[in-house]
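Step one of this worksheet: look at the structure below.
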Ligand code: GTR
């Protein structure tokens, strides 16, 4: 057998296996994730699928397509809206230009830490933001952890805001993050996650920003070896369902979906906490230079115009105030 025949046989075997795994199910719902198998978000959605299958007596199954097999986040969000994809686990970032409430929890330095983020998202503000997805064709189901995001680049250690001047930095496809980078003096380049590695490698950009697990699993640390722990963003991740797919389920099954999604949160949090440590150790061991001594005050002060521009209605300002007032 030549190489291609072997590959074709392997693919066929995987498909046949997947087919068998879902053969007993009445409905198999598709779920998308940009991250690789084993990543905390991917595993949490698989756990949700297991719960759903068990609680529906094997009727409802979820097939998780990891590693951006169904596309990059912005495109999969479109497909989810139309019910081509049933579930989607994405960052809040790519929703910012669609659902204005998601901008509030994507503002730089809005959360004081992961515990604060949990208290906000587990409470009434989190519920309100989940409900805001519905008029746009999505059912907001659960929030997952995305740690805190920091800058990395291939040129030099960033030790102060001045070092960012003129640097070409990738951001998620959201105006909030474009304006954040501009306010820091950098040149913001919005692009899909899957394009970042080669964009750094070929010099289209100098760097990007992300949490430890993404910096590690994407391999970006191999091409951008300076990581500055400025922690400008704590953006919750969200699991949504297509409203079109949700509406096809009975009320009982809809309740099963909502509960299974909620029950996957503790699994995600536990896996996340462990993965953050493992990823940090891995990139440090690979020789990444980590800059942890950094004064965050100038970064925070530079964000005033970003808040003014994006929290620009009484409703959004009220959300900002309630988040800041949450202990
Ligand atoms: C990751 C996040 C992804 C994606 C990615 C990015 O931390 O988990 O959903 O948004 O960042 O930077 O595009």
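Throughout, read-outs are computed from the coordinates displayed, never taken from laboratory work. Remember, predicted model here, so these are calculated numbers, not experimental data. Please note: Cβ atoms are built from the backbone with ideal geometry, for glycine as well, and neighbour counts cover all protein chains shown.
Expressed in Å, the radius of gyration and Dmax of the Cα atoms of the range 171-327 are 19.0, 54. Ranked by the mean number of other Cβ atoms within 10 Å of their residues, highest first, the peptides 276-282, 29-35 come out as 29-35, 276-282.
Put the Cα centre of the range 61-100 next to the Cα centre of the range 161-232 and the gap is 22 Å.
Compute the relative contact order of the range 13-152 as a whole-number percentage, counting only Cα pairs closer than 8 Å that sit 6 or more residues apart in sequence. Could you put the intermediate results ahead of the total?
Values: 162 pairs, mean separation 28.4, N = 140.
Relative contact order for the range 13-152 comes out at 20 percent.
Over the range 205-309, Cα pairs under 8 Å with separation of 6+ residues give a relative contact order of 54 percent.
Just from its helices, what would the mean residue ellipticity at 222 nm be for the chain, if runs of 4 or more DSSP H residues each count -39500 (n - 2.57) and the sum is divided by every residue, rounded to the nearest 500 deg cm²/dmol?
On the way: 16 runs with 152 residues, N = 327.
Taking each H run of at least 4 residues, the total per residue is -13500 deg cm²/dmol.
Take every Cα pair under 8 Å whose residues are at least 6 apart in sequence, average their separation, divide by the length of the chain, and the relative contact order is 24 percent.
Using the count of nearby Cβ atoms within 10 Å as a rough guide to exposure, how do 235, 304 rank from fewest to most?
Details: 235 26, 304 10.
By the 10 Å Cβ count, ascending, the order reads 304, 235.
Under 19 Å from a point placed 7 Å out from the Cα of residue 127 along the Cα-to-Cβ direction: which residues of the range 256-270 have their backbone N that close? So the set is 256-266. Classify the chain from the C-alpha gyration tensor, please: rounded if a/c falls under 1.5, else prolate or oblate depending on whether a/b exceeds b/c. In terms of gyration-tensor shape, oblate.
Multiplying the residue separation of residue 82 and residue 317 by 0.36 nm and removing their Cα-Cα distance gives an extension gain of 81.5 nm. Round to a whole angstrom and tell me the spacing of the C-alpha centers of the range 289-327 and the range 22-44. Computed from Cα coordinates, the inter-centre distance equals 34 Å.
Assuming a ≥ b ≥ c are the square roots of the Cα gyration tensor eigenvalues, decide whether the range 210-253 counts as rounded (a/c under 1.5), prolate (otherwise, with a/b larger than b/c) or oblate. It is prolate, given that a/c is not under 1.5 and a/b is the larger ratio.
Please state the shape class of the range 32-135: rounded when a/c is under 1.5, otherwise prolate if a/b exceeds b/c and oblate if not, all from the C-alpha gyration tensor. Don't jump to the answer; show the numbers that get you there.
On the way: a/c = 1.69, a/b = 1.42, b/c = 1.18.
Verdict is prolate for the range 32-135.
Working ranking of peptides 251-259, 91-99 by packing, defined as the average number of other Cβ atoms within 10 Å per residue, highest first, is 91-99, 251-259.
Quick one: order 172, 191 by neighbouring beta-carbon count within 10 Å, fewest to most.
On the way: 172 27, 191 17.
By the 10 Å Cβ count, ascending: 191, 172.
Bridge orientation summary for the chain: considering DSSP beta bridges with both residues in this region, about 55 percent are antiparallel.
Neighbour counts of other Cβ atoms within 10 Å put 120, 238, 178 in the fewest-to-most order 178, 120, 238. Annotation for residue 278 and residue 165: the two label points, set 7 Å from Cα along the Cα-Cβ direction, are 4.2 nm apart.
Stretching the chain fully between residue 59 and residue 116 yields a gain of 16.7 nm (0.36 nm per residue, less the alpha carbon separation).
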